1. Identify all residues within segment 318-344 that are closer than 26 Å to I38 by Cβ and of a type in the set (S, T, N, Q); write none if there are none.
2. Please report, ordered by residue number, the strands (runs of 3 or more DSSP E) entirely within segment 213-316 with at least 2 residues that are at pLDDT 95 or above and of a type in the set (V, I, T).
3. Filtering segment 167-197 down to residues that are out of contact with any strand residue (DSSP E or B) (no Cβ under 8 Å at 6 or more places or on another chain) and part of a loop (DSSP other than H, G, I, E, B), which residue is farthest from N53 (Cα to Cα)?
4. Restricting the first residue to segment 245-273 and requiring it to be within 30 Å of V26 (Cα to Cα) and in contact (Cβ under 8 Å) with a residue 60 or more places away in the chain, which pairs with a second residue that is in a strand (DSSP E or B) and of a type in the set (V, I, T) meet a Cβ separation below 6 Å and a spacing of at least six or different chains?
5. Please go through segment 291-319 and give me each residue that is buried (at least 19 other Cβ atoms within 10 Å of the Cβ) and either without any contact (Cβ under 8 Å) to a residue 12 or more places away in the chain or touching a strand residue (DSSP E or B) at 6+ places or on another chain (Cβ under 6 Å) (or both), ordered by number.
6. Specify which of the listed residues (M339, M324) is touching a residue at least 12 places away in the same chain (Cβ under 8 Å), crowded, with 23+ Cβ neighbours inside 10 Å and in contact with a strand residue (DSSP E or B) (Cβ under 8 Å, 6 or more places away or on another chain).
7. Across segment 186-214, what is the total count of residues that are touching a Pro at 6+ places or on another chain (Cβ under 8 Å) and within 20 Å of S226 (Cα to Cα)?
8. Which residue is surrounded by the fewest Cβ atoms within 10 Å (Cβ to Cβ), if the candidates are limited to segment 24-39 and must be at pLDDT 95 or above and outside any strand (DSSP E or B)?
Amino acid sequence: MIKRILLLGSAVLLLSCSTGKECVPVEDFIRIDGPGLILHGEPFFIKGTNLGNWLNPEGYMFGFRKTNSAGWIDKMFRELVGPEAAAEFWRTFKDRYITRDDIVFIASTGANTIRLPFHYKLFTDEDYMGLTVNQDGFDRIDSVVNWCREQGLYLILDMHDAPGGQTGDNIDDSHGYPWLFESETSQQLFCDIWVKIAQRYGNEPVILGYDLLNEPIAPYFSNKDSLNTLLEPLYKRVVAEIRKVDTNHIVILGAPQWNSNFDPFTDWKFDDRIMYSCHRYGGEATAEAITHFIDFRDKTSLPMYMGEIGHNTLEWMEAFCKVMEDNNIGYTFWPYKKMGGSCFVSIGTPENWDQVIAFSEAPRDTYTAIREARPDRELSRRAMESLLEMCLFENCSIEKDYIRALRLEKERTDN
């Protein structure tokens with residue numbers, strides 16, 4: 001009887017139960033182990049990609065330069081083909097841009113992790129990507145969770161666009177300034193959305209962690225130093241709220257100035273499941289070039305993860321992947337899919353897409369200018385419909401050399 005009680009006690013200790021959820025064995029979750037990660041007692045090294053442009057459209061992935069944020073792209077499409085056609089485009093775009101076929105392919109490359117950027121509006125009743133009420137954020141994430149479970153992949157949820165804007169540039173689809181840090185309303189909404197997410201996925205081991213804010217506080221602002229001091233308190237606030245419903249998942253903290261400046265962080269271990277996130281585009285492909293990331297990781301004895309990297313030569317990417325492996329910094333390359341190259345799979349250019357690009361670049365600051373710049377609406381509509389066909393995985397081009405450069409192959413034997 002005593003032995004049976006002890007065994008039952010051990011079973012309880014090995015289970016983790018978030019509020020109102022079915023219990024899941026603790027060992028099924030990826031855990032923090034000093035400066036590394038472990039899964040089922042073995043080291044886990046992140047290698048994968050980002051599903052950018054799917055739930056947070058960015059202009060350059062469509063070939064647009066000036067029209068570069070989600071809101072500006074939507075406005076341009078409405079001016080081009082009308083609000084109903086634009087809304088229908090976005091609804092179909094979400095259905096086709098990322099499907100189960102894409103996740104199956106990512107798993108086939110040897111990747112083990114996907115980072116999923118999303119816009120906060122997907123969890124509100126605000127107008128976004130073809131919907132106003134009854135947004136479909138949870139439906140979209142649920143689909144990816146299920147596909148990842150089937151394929152043995154892990155998922156990082158990344159709030160790329162926060163209420164009010166955390167960056168102050170096109171990538172957060174905001175209003176040119178990180179208003180999040182000066183708005184109590186936005187901060188409360190930020191916390192509320194993360195709590196809803198944590199309540200839904202608190203006992204889901206497929207999810208590796210929550211990347212709370214993408215690239216907070218761009219370097220352009222004269223008051224960036226004072227804004228930087230507000231970041232860690234906001235992280236503490238939202239993590240405290242998350243922990244009321246989810247004690248399982250890692251929280252991932254991005255640094256200010258494009259996830260590069262870790263100096264503002266002082267209370268490194270205010271939670272026992274923290275991983276820090278750096279981003280890097282360009283520079284030398286050497287360990288010396290990221291000494292500040294390595295030093296911070298060593299100082300805190302907490303994991304460092306390269307959440308975004310990419311858009312470079314094949315030689316640079318392979319060399320730098322080796323550097324990250326040697327220094328235990330896992331990575332997810334940006335992005336998985338877009339028009340043009342430098343991604344896992346590329347989308348071709350639809351016929352007459354040049355007219356859509358020209359309209360996106362034209363002055364449209366008056367109604368007269370919109371009318372004068374607008375190309376033939378029927379040709380534009382056909383070009384957008386063609387893009388919806390071409391973005392399906394089966395119609396994309398696999399960039400084999402790109403994938404090979406990321407050192408993802410399952411059968412790789414070199415060190």
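1. Selection gives N327, N328, T332.
2. Correct list: 250-254.
3. S183
4. Filtered contacts from segment 245-273: R273/I32; R273/I250.
5. Once the filter is applied, which keeps residues that are buried (at least 19 other Cβ atoms within 10 Å of the Cβ) and either without any contact (Cβ under 8 Å) to a residue 12 or more places away in the chain or touching a strand residue (DSSP E or B) at 6+ places or on another chain (Cβ under 6 Å) (or both), segment 291-319 yields F293, R297, L302, P303, M304, Y305, M306, G307, E308, I309, G310.
6. It is M324.
7. Within segment 186-214, residues that are touching a Pro at 6+ places or on another chain (Cβ under 8 Å) and within 20 Å of S226 (Cα to Cα) number 3.
8. The residue in question is G34.
The values are calculated or read from the model by the stated rules, or taken from the named source; none is laboratory data. Not measured: the values here are computed from a predicted model. We place every Cβ from the backbone using ideal geometry, glycine too, and count neighbours over all the protein chains shown.
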